[in-house]
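Inspection log for the structure reproduced underneath, given as structure tokens.
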Protein chains: 2
Amino acid sequence: MRATTIHAPGDIRFEDVADPRIEKPTDAIVKVVAGCICGSDLWPYRGENDVTAGATIGHECVGVVEEVGSEVSATRVGDFVIVPFCHSDNTCAHCRAGVQSACVNLGMTQSGQGEYARVTQADGSLVATDGMPDDHLVPSLLALTDVMATGWHAAVAAGVQPGHTVVVVGDGAVGLSGVLAASQMGAERVIAMSRHEPRQEIARAFGATDVVAERGKEGEARIADLTDGVGADAVLECVGTDGAMRTAFTVARPGSTVGFVGVPHGVELPVRRMFQKNVGLAGGMAPVRRYLPDLLDRVLSGAIDPGRVFDLTLPMAESAEGYRAMDERRAIKVLLRP
Amino acid sequence: MRATTIHAPGDIRFEDVADPRIEKPTDAIVKVVAGCICGSDLWPYRGENDVTAGATIGHECVGVVEEVGSEVSATRVGDFVIVPFCHSDNTCAHCRAGVQSACVNLGMTQSGQGEYARVTQADGSLVATDGMPDDHLVPSLLALTDVMATGWHAAVAAGVQPGHTVVVVGDGAVGLSGVLAASQMGAERVIAMSRHEPRQEIARAFGATDVVAERGKEGEARIADLTDGVGADAVLECVGTDGAMRTAFTVARPGSTVGFVGVPHGVELPVRRMFQKNVGLAGGMAPVRRYLPDLLDRVLSGAIDPGRVFDLTLPMAESAEGYRAMDERRAIKVLLRP
């Protein structure tokens, strides 16, 4: 098959690779209908993470089941499925506790920007739609495989409740999804920190009541003003950098929780400040599978339209251009079609 | 008056100092009936914190109200009162949210190991008993001013629920109080990490179902065994060192929370591990006042006897010996009588 690969920082190719195949009886092979590029794919692209030269890249996709292993029973060939970026058996103690991202049989989509992807733990991971979905729904279904569920997880981890004032740090696709999640959970006020006009627009469409364009100390001062000096009831940290984390702890009111879902890079948690302010931290890699049934209902009912975060669609063969567009912030999130 | 002072690491004196006096109309002066030495007092004693030479030390006491400021109305001269180590107005936004330790008018007891102590925000802070308590209750009432409420806060922050398996890291007075708190909250299994036989005994009396004497990797392995490799549902970190914190995160199951109440010293939080495991951190300086009414009821009804953590009582004039005994771990916690 052909798939997107990374050879070195900045070196993305779309080329022939070995077809994924059933390796374990719990596997399934999915023919990709749509994949996309994740903010976390930019870490190796920018040389912040190690790169295995020639490895496939991309952990988000939806598609049609092509083949299943001998122990797969719930998933059928021909099903249109949402593939959570992390695969889980959905039966172990961690899965039963709702932390599928810590499953004892954890797997991850490896070629979501290619023609086919292998899903380990197919029965525990995949959620099928009832028949083939309308094409216009594909972006929103694709968003459920990672960003929307990740933004949702940030809001759950931060303990967002109806009536809350919520601050979302980060205006990438995850941050925007966090705005949508907080809004769906009944937050009265959702303050999006965003400098970029097109992202501000989506934030407002997703339910942001306020937008703070300033960053760092200025942004923190603006939020102090907006919250009468008290701080936010819940904060979603959707970036993963030290600066974003510091802002999150600064704007959080005492007793609140920072929900974090950005893969931490160079973050030193301010433990003394956390102690003095009684501000907690919760979150991590999102247990996508846990939220999928509910989020799927919300997409199908039209309650949410998380696919709006895709502002550029390219043929998969042009995935390198997709990376450039996201790296240069010309695009929020890029959808790839085979 | 005479009070305990610190002049340098290891240099504790009991000497004449200026009488505390009403400085603001919201103040009260309490004649100390009993004070005590806190584990956190050992930080300056050991030179880990800066010392202001000649400053009074001691933030835990109970006593009788001697004098009140002109704006004090709920507190009356002659009341026997429990003095939370942190004083709060109990009316600001943070207090109303249950985080009295972040009160905008925060104060702290300064001479709890002396004959008199000034309480700022008397009405918001002090909780009076109904008449003079029996003398045998004094140790347990004194424990409510800090350690018992702090252990309780650790359990609240960690989200202890009925049926949980809880690990308590630290067998100081706070850790033991954490065991008692978890047990009161209905934890099915409370695993106390303690090497010291007298502390193990109190831990068991407070409700520990298991005691793990090993530390570090060995202790962590023992807890993995005890929890079938899953980990604890909630972990109370009651020490404040990096090693204790690492153990806490290691034994916590994915999706759980480490409740931390030990003032962090040299702690680097393992943010990547927290992310991968989805283990949160919550807690900080305990909002004692929030828990006082409930804890007072529990003491008066005989449900809890947190005064058991005092295993040495000395005249206040011998406070220096009290510090030595705690520093050398000859005593768990020292009660001082004027």
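The values are calculated or read from the model by the stated rules, or taken from the named source; none is laboratory data. A quick note: this is a predicted structure, and the numbers were derived from the prediction, not measured. Note that we place each Cβ from the backbone using ideal geometry, even for glycine, and neighbour counts take in every protein chain shown.
Residues that are of a type in the set (Lys, Arg), in the same structural domain as residue B:127 (by TED's automatic domain parsing) and in contact (Cβ under 8 Å) with a residue 24 or more places away in the chain: does the stretch B:318-333 have at least one?
Here is the first cut: in the stretch B:318-333, the residues of a type in the set (Lys, Arg) are B:324, B:329-330, B:333.
Among the residues that remain, those that are also in the same structural domain as residue B:127 (by TED's automatic domain parsing) are: B:324, B:329-330, B:333.
From the residues that got through so far, the ones that are in contact (Cβ under 8 Å) with a residue 24 or more places away in the chain too are B:329, B:333.
Checked against the condition, which is being of a type in the set (Lys, Arg), in the same structural domain as residue B:127 (by TED's automatic domain parsing) and in contact (Cβ under 8 Å) with a residue 24 or more places away in the chain, the stretch B:318-333 yields at least one hit.
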Evaluation of residue A:242 against (1) closer than 22 Å to residue A:329 by Cα; (2) crowded, with 18+ Cβ neighbours inside 10 Å; (3) not hydrophobic (A, V, I, L, M, F, W, C) (one fails), failing number
(2)
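So, in the stretch A:128-174, of the ones that are without any contact (Cβ under 8 Å) to a residue 24 or more places away in the chain and not in a loop (DSSP other than H, G, I, E, B), which residue ends up nearest to residue A:303 (Cα to Cα)? Break it down into steps so the answer makes sense when it comes.
Within the stretch A:128-174, the first condition is being without any contact (Cβ under 8 Å) to a residue 24 or more places away in the chain, and the residues that meet it are A:130, A:134-136.
Filter once more, keeping what is not in a loop (DSSP other than H, G, I, E, B): A:135-136.
Working: A:135: 18, A:136: 15 Å.
It comes out as A:136.
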Out of the strands (runs of 3 or more DSSP E) lying entirely within the stretch B:1-110, which hold 1 or more residues that are over 26 Å from residue A:254 (Cβ atoms), free of Cβ contacts under 8 Å to residues at least 12 places away in the same chain and not β-branched (Val, Ile, Thr)?
B:11-16
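Yes or no, residue by residue, for (1) at the interface with chain A (Cβ under 10 Å from one of its Cβ atoms); (2) assigned to a helix (DSSP H, G or I); (3) out of contact with any helix residue (DSSP H, G or I) (no Cβ under 9 Å at 6 or more places or on another chain):
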position: B:282; (1), (2), (3): yes, no, no
position: B:286; (1), (2), (3): yes, no, no
position: B:293; (1), (2), (3): no, yes, yes
position: B:298; (1), (2), (3): no, yes, no
position: B:304; (1), (2), (3): no, no, no
position: B:307; (1), (2), (3): no, yes, no
position: B:317; (1), (2), (3): no, yes, yes
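Provide a single number: the residues in the stretch B:111-126 that are closer than 15 Å to residue B:33 by Cα and of a type outside the set (Lys, Arg). Show your work before the answer.
Residues of the stretch B:111-126 that are closer than 15 Å to residue B:33 by Cα, as a first pass: B:111-119, B:126.
Remaining after also requiring of a type outside the set (Lys, Arg): B:111-117, B:119, B:126.
Qualifying residue count, the stretch B:111-126: 9.
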Filtered residue count, the stretch A:35-46, keeping only those that are in contact with a Pro (Cβ under 9 Å, 6 or more places away or on another chain) and either surrounded by 14 or more Cβ atoms within 10 Å (Cβ to Cβ) or modelled with pLDDT under 95 (or both):
4
Among the residues of the stretch A:192-222 satisfying the criterion of being in contact with a strand residue (DSSP E or B) (Cβ under 8 Å, 6 or more places away or on another chain) and among the β-branched types (Val, Ile, Thr), which is surrounded by the most Cβ atoms within 10 Å (Cβ to Cβ)?
A:212
If residue A:188 passes every condition in (1) within 23 Å of residue A:149 (Cα to Cα); (2) touching a Gly at 6+ places or on another chain (Cβ under 6 Å); (3) surrounded by 24 or more Cβ atoms within 10 Å (Cβ to Cβ); (4) more than 9 Å from every other protein chain (Cβ to nearest Cβ) but one, which one does it miss?
(3)
Residue under evaluation residue B:263, criteria (1) at pLDDT 95 or above; (2) surrounded by fewer than 22 Cβ atoms within 10 Å (Cβ to Cβ), criterion not met:
(1)
Scan the stretch A:123-162 residue by residue and report those that are over 23 Å from residue B:255 (Cα atoms) and either in contact with a Gly (Cβ under 8 Å, 6 or more places away or on another chain) or outside the structural domain of residue A:23 (by TED's automatic domain parsing) (or both).
A:137, A:138, A:139, A:140, A:141, A:142, A:143
Scanning the stretch A:321-338 for residues that are crowded, with 18+ Cβ neighbours inside 10 Å and either assigned to a helix (DSSP H, G or I) or charged (D, E, K, R) (or both), the one nearest to the chain's Cα centre (by Cα) turns out to be A:333
Within the stretch B:236-269, can you find the residues that are of a type outside the set (Val, Ile, Thr), more than 20 Å from the chain's Cα centre (by Cα) and either within 9 Å of chain A (Cβ to nearest Cβ) or within 17 Å of residue B:210 (Cα to Cα) (or both)?
B:252, B:253, B:254, B:255, B:256, B:268, B:269
For the stretch A:225-256, the count of residues that are more than 17 Å from residue A:181 (Cβ to Cβ) and assigned to a helix (DSSP H, G or I) equals 11
Looking only at residues in the stretch B:95-140 that are closer than 21 Å to residue B:67 by Cβ and among the hydrophobic types (A, V, I, L, M, F, W, C), which one is nearest to the other protein chains (Cβ to nearest Cβ)?
B:108
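If I filter the stretch B:270-280 down to residues being part of a loop (DSSP other than H, G, I, E, B) and surrounded by 24 or more Cβ atoms within 10 Å (Cβ to Cβ), which single residue comes out as nearest to the other protein chains (Cβ to nearest Cβ)? Even if it seems obvious, please write down each step before you answer.
Of the stretch B:270-280, the ones part of a loop (DSSP other than H, G, I, E, B) are B:270, B:278-279.
Add one more test, that the residue is surrounded by 24 or more Cβ atoms within 10 Å (Cβ to Cβ), and what stays is B:278-279.
Details: B:278: 4, B:279: 8 Å.
This residue is B:278.
For residues that are β-branched (Val, Ile, Thr) and either under 22 Å from the mean Cα position of the chain (by Cα) or more than 22 Å from residue B:81 (Cβ to Cβ) (or both), tally how many sit in the stretch B:1-28.
Filtering the stretch B:1-28 for residues β-branched (Val, Ile, Thr) gives B:4-6, B:12, B:17, B:22, B:26.
From what's left, either under 22 Å from the mean Cα position of the chain (by Cα) or more than 22 Å from residue B:81 (Cβ to Cβ) (or both): B:4-6, B:12.
So the count comes out to 4.
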I need the full set of residues from the stretch B:195-224 which are among the basic types (Lys, Arg) and part of a helix (DSSP H, G or I), in order please.
B:199, B:204, B:217, B:222
Expected single match for farther than 19 Å from residue A:329 by Cβ, more than 18 Å from the chain's Cα centre (by Cα) and crowded, with 16+ Cβ neighbours inside 10 Å among A:225, A:233 is A:233
